[in-house]
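What follows is a short report on a single structure.
No lab work stands behind these numbers, since they all come straight from the coordinates. The model shown is predicted, which means the values in this text are computed figures rather than measured ones. Quick reminder, even Gly has a Cβ in these numbers, built from the backbone with ideal geometry, and neighbours come from all protein chains shown.
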């Protein structure tokens with residue numbers, strides 16, 4: 001079996017060919033940009049850190065009392081762990 005050649009659907013002018021080439025180039029550029037974004041780990045980490053920082057700042061402005069309670073609990077936890085470690089080392 002031999003493959004039949006693709007028949008052109010009609011005459012295409014230079015203008016149509018240029019437009020198709022430009023569309024193809026734009027699609028290729030978009031695809032390459034998407035691949036670059038996915039492979040750019042440092043850039044993605046920066047974006048993620050920026051989002052986390054923004055959420056933290058918004059949280060501190062919206063509920064500073066809860067933030068204080070969380071900070072006090074964290075300090076108590078670290079203090080208790082330190083006390084326990086020191087007490088264990090003296091035995």
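Numbers at a glance
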{"item": "Helix axis angle, 64-89 relative to the chain longest principal axis, alpha carbon, degrees", "result": "60 degrees"}
{"item": "Over the chain: helical MRE at 222 nm, DSSP H runs n ≥ 4 each giving -39500 (n - 2.57), nearest 500", "result": "-29000 deg cm²/dmol"}
{"item": "Values of log10 I(q)/I(0), in the order q = 0.13, 0.23, 0.25, 0.27 Å⁻¹, for the stretch 16-89 under a Debye, Cα-only, solvent-free model", "result": "-0.71, -0.98, -1.03, -1.09"}
{"item": "Exposure proxy ranking, count of Cβ atoms within 10 Å, fewest first, for 70, 65", "result": "65, 70"}
{"item": "Rounded tilt (10° steps) of 41-62 against the dominant C-alpha axis of the chain", "result": "50 degrees"}
{"item": "The chain: angle of helix 14-39 to the longest principal axis, Cα-based, in degrees nearest 10", "result": "20 degrees"}
{"item": "Modelled FRET efficiency - R0 35 Å, residue 51 with residue 19, Cβ distances, 0.05 increments", "result": "0.35"}
